[in-house]
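See below for the structure under consideration.
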Amino acid sequence: MELALGKQKGLLHKTTETRHRKRTLNLYTLSLYGWAVVRGVIVIGLCFLILYPTILKVFVSFMSENDLYDVTVKYIPKNPTFENIKKVWTAMRYPQAFWNTLKISLMTSIMQLISCTFIGYGFARFNFKGKNLLFALVILTMIVPPQTIMIPLFLHFRYFDLFGIVSMLTGKKGINLLNSQWPFMLLSATGMGLKNGLYIYIMRQFFRGMPKELEEAAYVDGASMFRTFYQIMLPSAVPAMVTVFLFSFVWQWTDTFYSNLFLQNLRVLSVALGSISFDITQQIYWETGVNISLSPVVSSMYTNTASLLVILPLIVIYLVAQKYFVESIERTGIVG
Amino acid sequence: MLLVSTNRGNQAAGRKRRRLTLTSKRAMMGYAFVSPYIIGLIAFFMVPIVQSFIFSLNSFEVVEDGYVLIPNGFEYYRRALFVHPDFVRNLVESLLDMVTNVPLIIIFSFFAANLLNQKFRGRAAARAIFFLPVILMSGVMRTVDSGDLLQSSLGLTQTDSGGGTLQAIELARVLFQTRLDPRFINYIISAVERIYDIVSASGVQILIFLAGLQSIPPSLFEASNIEGATGWENFWKITFPMVSPLILVNTVYTVIDTLTNSSNSVMELIEEIAFSQNNYGFSSAMAWIYFISVMVVVLIIIGIISRSVFYQE
């Protein structure tokens, strides 16, 4: 349309104008179709690129060892088998690890959702002394590599002691909170967990984009500030909250940093995935008494199968949530 | 804040009570909403970061029922920078990697966001797939997949074998005939070879750009169309300036994401020294050097980009 309009300018003679428009319009529709085709190719190609490794994992997880070395087998295995999945399932101790991961991920993401919504609202709507400094610190917590504070955090939760109360009462050097969900809960509740800076930022931007008149109307009608928050603001913040919840759940699920740091004995999926080859050789050793080393190809096959088992629940959740998630983008308004 | 006098206020009934103004009341509510963050900031960020700095200046000895610190000066910093065989090399390499990857990720995600912002059939499905890497390439998955043998032998991630590289050679031949600067051509070829890494690192960035694109008021485009602007002009005069603040946000996010993800080689080294060798002091010193380099990089980037960013307000 722009092209046509541009060309029309200054053409006063009626017949030339109509002829001209006809031609440019044809060219215009042609270029439109051309672009649609190019766009289709690009989009489909990129979608394929993104999905390909996962599709590959699905095929690999049903392959037997012979299929791996067979040159004629590219995707569809000749001897499909559930052997891999069974082996990985027991070596990961999947049900137990799944349950632990689910517990921790669900609790942390709910905690993070609550705390980041509160904090984001506080930053978006109220003016108080030191607000800008505090918000700059939110950005700083994102920049600091978690490795910088990992050892103090580790010791902090190893000898957890709030203001010296525990040592005063019991005479010991604090409580050991490692190997429980408490470090995760405490960090999430105070907006200091994994990537919480980003969630606070998302929530703040969302609340900033909401019209102020809504709240003012509620105040005039006599609602308290807190009531305004949970009756007026929260219901409309659902899209942004879905985004934050999905991010925090997924990233907690696949996180190895905090899990390695706080959980040595409690088994979670992400850590189990990291050590899958070792676990499988151990398992074979216990079953047969033979100490074998896996060939790189076979160990890669187990890793792929295991990683499929780790992300499968996430993909299911994503399929359910993606409708809200993708729709929510339009209203999230993550604008700088 | 000055008007808080609730001690006496309630008891004396007929007395004129000084009440909080709305502004200070709102300030109090603001503190109430942000209070969890203030607690967390002090307990789980400020204190640990100071402690970590102290650790980096001391050698750390675990004794029964706790630990003792033995002053060590800047010895660990010297060792990290001048003695350790891998640290500086890894640091420089990951910074260089970042410098080549970040522009590609930003350009790609901006392109993809523009693509997904157009109307076409199957757009919802395409969007869902484009954001999938947020799940597929997070945390442990990124670490596992990046070094995986089967994935690379079947021709996706960058290796010497497989179909991907062959096509890149074809492309290289075509490109070299155009007589562009060879450095530029090499950059493009390396981008093509790493396309999967780039696509899978741009999920969040596409999301942010897309949200930005959708917040541009359509009336701007209508007005410029009536004035006779072409699509190309619209893009550079409206879309680009309106989204430019997000280029800054996205660049900073991408830099942080590539430099602090757990598959980064420096990060792995720091963790290994802390937990395999139990050398907490040395690892803290390395983490501080790394933190300062990341900080400097981010500040430089903010300094460069924020000059050319257009703000509506």
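Here are some residues: B:Ile185, B:Ile256. Which one is in a helix (DSSP H, G or I) and within 12 Å of chain A (Cβ to nearest Cβ)?
Among B:Ile185, B:Ile256, only B:Ile256 is in a helix (DSSP H, G or I) and within 12 Å of chain A (Cβ to nearest Cβ).
Quick check on A:Tyr285: is it in a helix (DSSP H, G or I), within 13 Å of another protein chain (Cβ to nearest Cβ) and not basic (Lys, Arg)? Criteria not met by A:Tyr285. Residue count for segment A:203-235 satisfying the condition of being buried (at least 18 other Cβ atoms within 10 Å of the Cβ) and polar (S, T, N, Q): 2. Taking the numbered list (1) surrounded by fewer than 20 Cβ atoms within 10 Å (Cβ to Cβ); (2) more than 30 Å from A:Gly191 (Cα to Cα) in turn, A:Pro53 passes all entries but (1).
Tally up the residues in segment B:113-129 that are hydrophobic (A, V, I, L, M, F, W, C), outside any loop (DSSP other than H, G, I, E, B) and within 7 Å of chain A (Cβ to nearest Cβ), please.
5
Applying a threshold of 9 Å to beta carbon distances and a minimum spacing of six or more residues, or different chains, the list of pairs starting in segment B:296-312 at a residue that is touching a residue at least 60 places away in the same chain (Cβ under 8 Å) and ending at one that is part of a loop (DSSP other than H, G, I, E, B) reads B:Val309/A:Gly336; B:Tyr311/A:Gly336. Within segment A:125-146, the set of residues being in a helix (DSSP H, G or I) and either within 7 Å of chain B (Cβ to nearest Cβ) or not hydrophobic (A, V, I, L, M, F, W, C) (or both) comprises A:Arg125, A:Lys131, A:Asn132, A:Leu134, A:Leu137, A:Thr141, A:Met142, A:Ile143, A:Pro146. The residue that is farthest from the other protein chains (Cβ to nearest Cβ), among those in segment B:216-230 that are part of a helix (DSSP H, G or I) and surrounded by 13 or more Cβ atoms within 10 Å (Cβ to Cβ), is B:Leu220.
Regarding segment A:159-175, can at least one residue be identified that is at pLDDT 85 or above and in a helix (DSSP H, G or I)? Give the derivation first.
Filtering segment A:159-175 down to residues at pLDDT 85 or above leaves none.
For segment A:159-175, residues at pLDDT 85 or above and in a helix (DSSP H, G or I): absent.
In this structure, is B:Leu210 out of contact with any Leu (no Cβ under 7 Å at 6 or more places or on another chain), in contact (Cβ under 8 Å) with a residue 12 or more places away in the chain and either more than 9 Å from chain A (Cβ to nearest Cβ) or crowded, with 16+ Cβ neighbours inside 10 Å (or both)?
Spelling it out, it is not the case that B:Leu210 is out of contact with any Leu (no Cβ under 7 Å at 6 or more places or on another chain), in contact (Cβ under 8 Å) with a residue 12 or more places away in the chain and either more than 9 Å from chain A (Cβ to nearest Cβ) or crowded, with 16+ Cβ neighbours inside 10 Å (or both).
You will find that of B:Leu41, B:Leu57, the residue that is among the hydrophobic types (A, V, I, L, M, F, W, C), touching a helix residue (DSSP H, G or I) at 6+ places or on another chain (Cβ under 9 Å) and at the interface with another protein chain (Cβ under 7 Å from one of its Cβ atoms) is B:Leu41 and no other. Could you tell me whether segment A:104-124 includes any residue that is modelled with pLDDT under 95, within 7 Å of chain B (Cβ to nearest Cβ) and not in a helix (DSSP H, G or I)? No, segment A:104-124 contains no residue that is modelled with pLDDT under 95, within 7 Å of chain B (Cβ to nearest Cβ) and not in a helix (DSSP H, G or I).
Restricting attention to segment A:63-76 and to residues that are within 13 Å of chain B (Cβ to nearest Cβ) and without any contact (Cβ under 8 Å) to a residue 60 or more places away in the chain, the residue that is surrounded by the most Cβ atoms within 10 Å (Cβ to Cβ) turns out to be A:Asp67. Candidates are the residues of segment B:268-290 that are without any contact (Cβ under 8 Å) to a residue 60 or more places away in the chain and surrounded by 22 or more Cβ atoms within 10 Å (Cβ to Cβ); the one that is farthest from the other protein chains (Cβ to nearest Cβ) is B:Ile273. When each of A:Ser61, A:Ser105 is tested for being polar (S, T, N, Q), over 30 Å from B:Arg121 (Cα atoms) and outside the structural domain of A:Arg267 (by TED's automatic domain parsing), the lone residue that passes is A:Ser61. For A:Ile104, the criteria (1) surrounded by fewer than 19 Cβ atoms within 10 Å (Cβ to Cβ); (2) closer than 22 Å to A:Val310 by Cβ hold in every case but one, which is (1).
Could you tell me which residue of segment A:147-164 is farthest from the other protein chains (Cβ to nearest Cβ), considering only residues that are buried (at least 19 other Cβ atoms within 10 Å of the Cβ) and either touching a residue at least 60 places away in the same chain (Cβ under 8 Å) or within 21 Å of the chain's Cα centre (by Cα) (or both)? Filtering first and then ranking leaves A:Phe157. State yes or no: is B:Ile105 modelled with pLDDT of 85 or more, within 30 Å of A:Leu246 (Cβ to Cβ) and away from every other protein chain (no Cβ under 13 Å)? It is true that B:Ile105 is modelled with pLDDT of 85 or more, within 30 Å of A:Leu246 (Cβ to Cβ) and away from every other protein chain (no Cβ under 13 Å).
May I ask you to verify whether B:Ile300 is more than 7 Å from every other protein chain (Cβ to nearest Cβ), outside any loop (DSSP other than H, G, I, E, B) and over 15 Å from the mean Cα position of the chain (by Cα)? No; evaluated as a whole, the condition is false for this residue. Whether a residue is of a type outside the set (Ser, Thr, Tyr), farther than 30 Å from A:Ile175 by Cα, more than 8 Å from chain B (Cβ to nearest Cβ) and surrounded by fewer than 18 Cβ atoms within 10 Å (Cβ to Cβ) was assessed, and A:Asn291 passes this test.
The single condition among (1) in contact (Cβ under 8 Å) with a residue 40 or more places away in the chain; (2) outside the structural domain of A:Leu294 (by TED's automatic domain parsing) that A:Val88 does not meet is (2).
The values are calculated or read from the model by the stated rules, or taken from the named source; none is laboratory data. What you see is a predicted model, and the numbers here were worked out from it, not measured in a lab. In this analysis, Cβ positions are derived from the backbone assuming ideal geometry, glycine residues included, and neighbour counts consider all displayed protein chains.
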